[in-house]
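J.: Have a look at the structure that comes next, please.
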Amino acid sequence: MADPTRAWHDEHMYFNRMLAMLQKEMDVLATGESPHYGLMLDIISYLREYSDVVHHPREDEVFRRLSLLRPDYKLRVARLRQEHRVIAVAGETLRKLLEEAGADAMVSRAEIEIAAATFLVYYGNHIQTEEEDILPLAAKLLTHADWAAAKAMAPSAHDPVFGAKPTQRFSELRRRIAAEAG
């Protein structure tokens, strides 16, 4: 089994790239200009469909196992699980608002900014907490069996953007990522 903490870290770095791109588009919106709503929707869709469905359920199992091994972490991991729910709701709210705005419906700029700020701040802080606090502990305490159980908590899905077989649906997102990296 490949190093699961490395894979977890790598996914966090991918998610951070998505969040940075989303923030750039929100900065465009803040200046009164029109952001690239399609790109923003791709970012949210990727994070909702991959992170919320594959990454977060695996993390939740890691959190559960850590709280059994380290009862002093019980509140900490409960908060992280709660953040998964907040991130999912904020992401869905933002997705709906972006769909409406992209279809030229009347949508309050403030509503989009509030939903995006909630999503961006929660997600960014969540990743930082996991990177600094949870990943090092998980690397020390969890066994191969623990990691296998965590992996089994989510469907075996390939990453549609960063995986070996990226999907056509996210081609614009991949192109933008490549342009920013190059």
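The values are calculated or read from the model by the stated rules, or taken from the named source; none is laboratory data. Please read these numbers as outputs of a predicted model, since none were measured by experiment. In this analysis, Cβ positions are derived from the backbone assuming ideal geometry, glycine residues included, and neighbour counts consider all displayed protein chains.
J.: List every residue pair whose Cβ atoms lie under 8 Å apart, where the two residues are 6 or more positions apart in sequence or sit on different chains, the first residue falls within region 45-72 and is under 16 Å from Ala7 (Cα atoms) and at pLDDT 90 or above, and the second residue, located anywhere, is surrounded by fewer than 21 Cβ atoms within 10 Å (Cβ to Cβ) and aromatic (Phe, Trp, Tyr).
T.: That search, which allows pairs on different chains as well, returns nothing.
J.: Among the numbered criteria (1) buried (at least 16 other Cβ atoms within 10 Å of the Cβ); (2) over 16 Å from Leu80 (Cα atoms); (3) among the aliphatic types (A, V, I, L, M), which one does Ala110 miss?
T.: (1)
J.: While we're on this one: Kindly indicate whether Arg175 is outside any loop (DSSP other than H, G, I, E, B), modelled with pLDDT under 95, surrounded by 12 or more Cβ atoms within 10 Å (Cβ to Cβ) and basic (Lys, Arg).
T.: Values: outside any loop (DSSP other than H, G, I, E, B): yes; modelled with pLDDT under 95: yes; surrounded by 12 or more Cβ atoms within 10 Å (Cβ to Cβ): no; basic (Lys, Arg): yes.
So Arg175 fails the test.
J.: Any idea which residue in region 156-172 is farthest from Leu47 (Cα to Cα), counting only those that are in a loop (DSSP other than H, G, I, E, B) and either touching a residue at least 40 places away in the same chain (Cβ under 8 Å) or of a type in the set (Phe, Trp, Tyr) (or both)?
T.: Narrowing region 156-172 to residues in a loop (DSSP other than H, G, I, E, B): 156-167.
Retained after the next criterion (residues that are either touching a residue at least 40 places away in the same chain (Cβ under 8 Å) or of a type in the set (Phe, Trp, Tyr) (or both)): 157, 159-162.
Numbers: Ala157: 13, Asp159: 10, Pro160: 10, Val161: 10, Phe162: 12 Å.
Checked region 156-172; the qualifying residue farthest from Leu47 (Cα to Cα) is Ala157.
J.: Now a separate question. Answer with yes or no whether Ile43 is aliphatic (A, V, I, L, M), touching a helix residue (DSSP H, G or I) at 6+ places or on another chain (Cβ under 7 Å) and under 21 Å from Ala105 (Cβ atoms).
T.: Numbers: aliphatic (A, V, I, L, M): yes; touching a helix residue (DSSP H, G or I) at 6+ places or on another chain (Cβ under 7 Å): yes; under 21 Å from Ala105 (Cβ atoms): yes.
Here the answer is yes, as Ile43 does meet what is asked.
J.: Looking at Val28, Val107, Val89, which is the one that is among the aliphatic types (A, V, I, L, M), more than 23 Å from His12 (Cα to Cα), free of Cβ contacts under 8 Å to residues at least 24 places away in the same chain and part of a helix (DSSP H, G or I)? It would help to see each step written out before you state the result.
T.: Details: Val107 fails: part of a helix (DSSP H, G or I); Val89 fails: more than 23 Å from His12 (Cα to Cα).
Of the residues listed, the single one that is among the aliphatic types (A, V, I, L, M), more than 23 Å from His12 (Cα to Cα), free of Cβ contacts under 8 Å to residues at least 24 places away in the same chain and part of a helix (DSSP H, G or I) is Val28.
J.: I need the full set of residues from region 19-38 which are within 13 Å of Arg176 (Cα to Cα) and acidic (Asp, Glu), in order please.
T.: Across region 19-38, the qualifying residue is only Glu25.
J.: I've got another one for you. If you scan region 132-151, which residues turn out to be of a type in the set (Gly, Ala, Ser) and in contact (Cβ under 8 Å) with a residue 40 or more places away in the chain? Before the answer, list the steps.
T.: Step one: of region 132-151, the residues of a type in the set (Gly, Ala, Ser) are 138-139, 145, 148-150.
Once the filter is applied, which keeps residues that are of a type in the set (Gly, Ala, Ser) and in contact (Cβ under 8 Å) with a residue 40 or more places away in the chain, region 132-151 yields Ala138, Ala139, Ala148, Ala149, Ala150.
J.: Of all residues in region 1-20, how many are among the charged types (D, E, K, R) and exposed (fewer than 13 other Cβ atoms within 10 Å of the Cβ)? Before you say what the answer is, go through the steps one by one.
T.: Residues of region 1-20 that are among the charged types (D, E, K, R), as a first pass: 3, 6, 10-11, 17.
Next cut, exposed (fewer than 13 other Cβ atoms within 10 Å of the Cβ) only: 3, 6.
Counting residues in region 1-20 that are among the charged types (D, E, K, R) and exposed (fewer than 13 other Cβ atoms within 10 Å of the Cβ) gives 2.
J.: Scan region 138-148 and tell me whether some residue there is of a type in the set (D, E, K, R) and modelled with pLDDT under 95. Talk me through it step by step, then tell me what you get.
T.: Initially, region 138-148 is screened for residues of a type in the set (D, E, K, R), giving 140, 146.
Remaining after also requiring modelled with pLDDT under 95: none.
No - not one qualifying residue is present in region 138-148.
J.: Hey, can you tell me all the residues within region 131-172 that are surrounded by fewer than 17 Cβ atoms within 10 Å (Cβ to Cβ), in contact with a helix residue (DSSP H, G or I) (Cβ under 8 Å, 6 or more places away or on another chain) and among the acidic types (Asp, Glu)?
T.: Scanning region 131-172 gives Glu131, Asp133, Glu172.
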